[in-house]
Structure formats: structure tokens, C-alpha cells
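Heads up, the thing below is written out as C-alpha cells.
The values are calculated or read from the model by the stated rules, or taken from the named source; none is laboratory data. All values reported here derive from a predicted model rather than from experimental measurement. Cβ placement follows ideal geometry from the backbone for every residue including glycine, while neighbour counts extend to all protein chains displayed.
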Amino acid sequence: MKGVSRAGRIRLLVVVVLVLALETACRAGWIDPVAVIAPSAMVQGAWRLLASGQYTKDIFLTLSNVAIACALAVVTGFALGWLLYRLPRLRRAADPLLASYYSVPTFVFYPLFIVLFGLNRWPLVAIGFIFAVVAMALSTLQGFERVPRALRRTARAMRLSHRQELLHVVLPSCAPYLFTGLKLSIAYAFIGVIAGEFVLSGAGFGFDIAFAYNSFDNATMYGLMILLLGFVGGLNMLLYSWERRLYLRRGGR
């Protein structure tokens, strides 16, 4: 476990202990299998689903919806955050809306999206987008606001153009906040799309989980959940390793 911090080792140990405890409780019959099955059975169910290929189409449908929603949210959120930074009056007017944004029940707009886009994938993409875009915008705004003034003065002293200052000074300084916005956007896009499929769609990852739940098919339900958690966790670890590599290139800051 070289390179893993002490806190990381403790977290991993806690997770392993909890999984083993759940496995023991399920195998001993202390937990009703109608409610929860053993973690080993969950993994077996996930492997069986991958090998059968039965849900491949639905999995790719969900992942493509999330990718589209996340890409639109990152681009739009970055532009919106930059506008809020450049236009203080707009920022002051938008502050109350941004502060209460996630208290709005987003799914009430689903019928409107169906009218606008039709009964297809785009209403779900729209839900994922509006879940994720504000997180990216707020992270971008925080990043621009926290660029040290000394760096901006140095850029002006070196007579850098606005484009050069943005590319070589501002964006590298904003990188931690932009990565945070990217990770939050991915998480929120998954939440929006999966939740939308769970209650509103007739296909996709969320629909398959809901259908297995209603059919009391625990092996399929937990197998799909394991696949979903594994994919999201792996994606976050990939982003974390990329972020860490960039920080190391900047001297570990």
C-alpha cells in the first residue's frame, strides 16, 4: 500500500471490516435475505450481469446520457462562473437564486422537458444538466475569486496579454476549484440521470434497478448497484490520480 496515507489505510480497513461483518451476518442468517444479500452474492450477481450482456444496452444508454449532461454542465457552468466573476451586478442579483438552487424539486420540470424535447433521452439529459451546472459554476466562480493578486500583478508586470494571463496564470491557479467542480458535476449528473430513470423512464440503469426491486430480484438489483458504484468510484479515482499528478508537476501545491 505504498503511497497511501495513514488516513486512507484506516478508511480502507474500516470498509473491509464492515463488508466482512455484513458477509458474516448474511451468511449466518441474522439478516433477512429478502432485504439484503451477502456482499459476495452481490459481486457474483454483478459478474453474471456483465457476462450475460443482458443489460449492456441500458448501461451504455445511461452512461452516454450522463456523459452528455456532464459535458454540457461543465462547459456551461464554466462560462456562467466566468460571467458571474466578470459582472459583479449579475453576481449580486444571482446570489439568492444560487443559494437556494438545490432546494428546488428539479423533477417537477420533467413534464416540461418532455413537451420541449419529446419522450426520449433528452429530458433525462436535461435533468442531469440542471443538477450539475450550478456546482460547476460555483466552483469556477470560487476559483477566479481566489487567484492571488500577486500573480495577477506579476502577469501585468510581465505585460502578458489577457489570453496569456488566463492560460498561464489564472487557469493553473484555479485548477483545484475546477477539478472540484468537475467531480461534483459528474456526481450530480449521475444522481440526476439515475434518479430520473428510476422514477420516470422506461430504460436505463435506474429503470433496471427499480424493476429488479419491484420484482424482488435482489441479485440483479444489488449486482446493478455494485456495477454503478464500481464505475463511479473508478472514475473518481481516475480523476483523483490525474489531479494529484498535475499538483505534483506544480511542486505538490
Those residues of the range 221-241 which are under 17 Å from Thr180 (Cβ atoms) and loosely packed, with under 12 Cβ neighbours inside 10 Å, in sequence order: Met237, Leu238, Ser241
Subset of the range 52-93 (residues that are over 16 Å from Asn120 (Cα atoms) and among the aromatic types (Phe, Trp, Tyr)): Tyr55, Phe78, Trp82, Tyr85
Hey, Leu124 assigned to a helix (DSSP H, G or I), out of contact with any Pro (no Cβ under 7 Å at 6 or more places or on another chain) and either surrounded by 18 or more Cβ atoms within 10 Å (Cβ to Cβ) or among the basic types (Lys, Arg) (or both) or not: yes
Ala71, sole failed condition from (1) closer than 30 Å to Leu184 by Cβ; (2) of a type in the set (A, V, I, L, M, F, W, C); (3) in contact (Cβ under 8 Å) with a residue 12 or more places away in the chain: (3)
Helices (runs of 4 or more DSSP H) wholly inside the range 138-250 containing at least 3 residues that are assigned by TED's automatic domain parsing to the domain that holds Ala94: 149-157, 162-165, 171-200, 218-249
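Yes or no, residue by residue, for (1) outside any helix (DSSP H, G or I); (2) in the same structural domain as Ala126 (by TED's automatic domain parsing); (3) over 24 Å from Phe207 (Cβ atoms):
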site: Ala7; (1), (2), (3): no, no, yes
site: Ile10; (1), (2), (3): no, no, yes
site: Val14; (1), (2), (3): no, no, yes
site: Asn65; (1), (2), (3): no, yes, no
site: Asp95; (1), (2), (3): no, yes, yes
Pick from the range 15-56, criterion of a type in the set (S, T, N, Q) and closer than 11 Å to Tyr222 by Cα, ranking: surrounded by the most Cβ atoms within 10 Å (Cβ to Cβ): Gln44
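Return yes when Asp58 is more than 29 Å from Leu235 (Cα to Cα) and either of a type outside the set (Ser, Thr, Tyr) or assigned to a helix (DSSP H, G or I) (or both) and no when it is not. Spell out the reasoning first.
Values: more than 29 Å from Leu235 (Cα to Cα): no; either of a type outside the set (Ser, Thr, Tyr) or assigned to a helix (DSSP H, G or I) (or both): yes.
No.
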Which numbered condition Ile37 fails, given (1) closer than 27 Å to Gly204 by Cβ; (2) assigned to a helix (DSSP H, G or I): (2)
